[in-house]
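For reference, the structure discussed in these notes is given below.
Any read-out appearing in this document is the output of simple, stated calculations on the displayed coordinates, not a laboratory observation. Being a predicted model, the structure only gives us computed values, none of them experimental. Glycine gets a Cβ as well: all are built from the backbone with ideal geometry, and neighbour counts include every protein chain shown.
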Amino acid sequence: MDDNSNNKESTTYTVVDYSNKNEKKKNSTFGKNVLLPFCCGVLGASLAVGTCFGVPSIRESILGNSYVSTSTSHSENTSHSGTLTEVSLASYSDTGIQVAGKVRPSIVGIQVEYEVTSFFSNSSTAKAEGSGIIISEDGYILTNNHIVNSSSSESFYEVSKASKVTVYLYNDETPYEAKIIGTDEQTDLAVIKIEKTGLTAAELGDSDSVQVGEFSMAIGNPLGMQSSVTGGMISAVNRKVTDSDGKTYTLIQTDAAINAGNSGGALVNAEGKVIGINTLKLSGTGIEGMGFAIPINSTIDIYEQLIQYNKVKRPYIGITGLDLDEETAKRNNLVVGIYVRDIEDFSSAQKAGLKVGDVIISADGKQISTMDELTDIKNNHKIGDEMTLKVNRNGSEVDITLTLGEQP
């Protein structure tokens, strides 16, 4: 694998919780206590991690929605006694109304067309829908990479990248053709632009300050139903989720309903500020309310670079490596670390003297054994920074200092 790829372990988690409730009722006339037992069953559920992007009839096969299963169980005992207190939901309702009114003008519907070529050389057009967030009044829109940059091929068909992208504004039926400014597969982010000014840019919040339990609202274009809102709360932060391509994202989890077509839309807080970009959901039998959003703070540098350079500039080493665990290393008379399988011509690795067959055992003084660990350390640097590696070469340790280049 290349040094800029992530071999993350697939992490899935779901909890199906049926609580035991034990309630004690006292009868003062007869002095008896009657205990009413309830049993709870814990059910396993298989999950599917997929993009929240709908492609009618061919979505799963063409755009690569993947499924990852788990069976985690949990049960909890609770007791309740006392009186029932009446609670007013007027404040919650008012918050929802105000947030929706503020944010909907900043959310767009996106329709994408793809050229599909079958095994029999027949061509057709497939359509899909997603969402986007206006980030500037002059027409720049932030969305997901998988909406506008999802080519795919199978043994009997091939799907091109988006051939046409159309944007629909809030309360405006006029179709606006959009230009793809830049895409970044690693973060699943993209920027598109329409030729229109005077738009309402969304106000961005601080995703680092998001707390579990706070109000959240998802706004987008699910199933083509533009400007739909769903409400809930923040279920978790810093949640690790791995997609079908092995990419692992650190996301905000919410129970606000997210459906196909919500991808690229906004997850907002009680102030109507965008705290995330809706991107993934868990689906499957018995699974409800498990959606995920890219934290907005992590998108700012990405979309600024996409606008400025049409790509994201990242540091690059230029190797293909193989992780060596203890068993594999012992079997091949090597040490635990990263086996250098290939080195790109004219890359930082080649210029620094790294060789095929070297085993990288540490980076910047930190012991490592996987490409993911090497990538994480590398990504803490900037292009042009120096990075130190310690390698095992034919049984001897060698120190190598390389200057990081720019990822092609």
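Points to keep in mind about this one:
- Cα-based Rg / Dmax (Å) for segment 207-297: 12.0, 35
- Segment 315-406: C-alpha pair distances exceeding 22 Å, %: 17
- With neighbour counts taken as other beta-carbon atoms within 10 Å, the residues Glu173, Glu115 rank, fewest first, as Glu173, Glu115.
- Using a cut-off of 20 Å between Cα atoms, the listed pairs Lys247/Lys281; Lys127/Lys247; Lys127/Lys273; Lys164/Lys313; Lys161/Lys196; Lys127/Lys164 include Lys127/Lys247; Lys127/Lys273; Lys164/Lys313; Lys161/Lys196 as exceeding that distance.
- Here segment 252-406 is described by how far its Cα atoms reach on the three principal axes: 58, 42, 25 Å, from widest to narrowest.
- Neighbour net charge for Glu373 - beta-carbon separation under 10 angstrom, K R +1, D E -1: -1
- Nearest-0.05 FRET efficiency for Asp172 and Thr197, computed from C-beta distance (R0 22 Å): 0.95
- Environment charge of Asp138, counting only residues whose C-beta is closer than 11 Å and scoring Lys/Arg +1, Asp/Glu -1: 0
- Cβ charges +1 (Lys, Arg) and -1 (Asp, Glu), total dipole of segment 315-406, debye: 240
- Taken over segment 91-193, the alpha-carbon convex hull comes to 131 cubic angstrom per residue.
- Ranking of Thr174, Thr230, Thr320 by neighbouring Cβ atoms within 10 Å, starting from the fewest: Thr174, Thr320, Thr230.
- Net charge of Cβ neighbours under 11 Å - reference Gly264; Lys, Arg +1; Asp, Glu -1: -2
- Computed from point charges on the beta carbon alone (+1 for Lys and Arg, -1 for Asp and Glu), the dipole magnitude for segment 207-297 about its Cα centre is near 120 Debye.
- The listed peptides 390-401, 218-229, ordered by packing as a protection proxy, come out as 218-229, 390-401 (highest mean of other Cβ atoms within 10 Å first).
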